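**Q** One structure, pasted below without further comment.
The values are calculated or read from the model by the stated rules, or taken from the named source; none is laboratory data. Since we're looking at a predicted model, the values are computed, not measured. When we count neighbours, we look across all protein chains shown, and the Cβ atoms used for this are built from the backbone with ideal geometry, even at glycine. Only protein heavy atoms, including side chains, enter the accessible area calculation; ligands, DNA and RNA are left aside. Shrake-Rupley method; radii C 1.70, N 1.55, O 1.52, S 1.80 Å.
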Amino acid sequence: MRSRFPFSACRAALMPTRRQVLEKWWLLPVGATVGVFGYMGYYASRVTFGKEKPGAPAFVAGTAVRVAALSDLGREWAQQEFTYDRRPCLVMHLPAATSGSLNVGGQHYAAFSRTCTHLGCTVNLVKDPEVLAFSFSYRPPDGEPKLGCPCHFSVFDPLQAGEAVFGKARAPLPRVRLEVRGAALWATGIEAAPAVGT
């Protein structure tokens, strides 16, 4: 038995007309714009307000490595680069204690991995606050040096245990455990590296 309605008539009844399509075309760019700006707002709030605070140090013990003589770090913000657990690291003489730092005769020393927790570039100690303001768009409120990533301009504060204080990085820099042996500092452990991109 043949259908009363031919197939072409059914299809025509279900398909929108050209006029109906043209009346709704504006939904596509508007929806795309809302989606893009919505994602940008989410991302901006995530990197601004979603930064992780450093907790108590969680060092993973490793082979002891001599990193610097105390005499090489005689003044505040003196630094020495070294490698630990196949990671580039930096030891510094800080003006004040921070979580995970080492006190030797009233002097404070701390060491961090130099691998940025955003995408793995190598951070450097930036001592001049004007360089931070110009190159990183970040003016430190305390005027103290910071660790800066030259790739995407994340900034980490060694006086706040390596916390990410500006830029795309959210996780703090892993800290290195220091011990004093004789007249030198030794690295004896390091925190686990966060997943790149956190």
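**Q** Give a residue-ordered list of calculated ³J(HN,Hα) values for the stretch 183-195 (Karplus: 6.51 cos²θ - 1.76 cosθ + 1.60, θ = phi - 60°; whole Hz; x for Gly, Pro).
**A** Result, rounded to whole Hz: 10, 9, 9, 10, 8, 10, x, 8, 6, 4, 6, x, 4.
**Q** Between Ser99 and residues 5 or more places away or on another chain, which pairs have amide H atoms under 5 Å apart, with H built 1.01 Å from N, and which residues are they?
**A** Sorted by chain and number, the residues that satisfy this are Ala161.
**Q** Got a number for carbon plus sulfur as a percent of the stretch 50-198's accessible area, 1.4 Å probe?
**A** Details: 3480 of 6610 Å².
It is 53 percent, rounded to a whole number.
**Q** Here's a follow-up. Hand me the chymotrypsin sites (Phe, Trp or Tyr not before Pro) from the stretch 58-87 located in a DSSP loop with no more than 15 other Cβ atoms within 10 Å, in residue order please.
**A** Working: sites: Phe59, Trp77, Phe82, Tyr84; in loops: Trp77.
In loop regions of the stretch 58-87 (DSSP not H, G, I, E or B), the sparsely surrounded chymotrypsin sites (Phe, Trp or Tyr not before Pro) are Trp77.
**Q** Rolling a 1.4 angstrom probe over the protein heavy atoms, how many square angstrom per residue are accessible across the stretch 147-198? Kindly include the intermediate steps, with their values, before the conclusion.
**A** Working: 1760 Å² over 52 residues.
Computed with neighbouring chains in place, this is 34 Å² per residue.
**Q** So, taking all protein chains as they sit and a 1.4 Å probe, how much accessible area belongs to Leu70, in Å² rounded to tens?
**A** For Leu70, solvent-accessible area is about 40 Å².
**Q** Moving on. How large is the accessible surface of Val34 in square angstrom, using a 1.4 angstrom probe and rounding to the nearest 10?
**A** Taking all protein chains as shown, Val34 has close to 100 Å².
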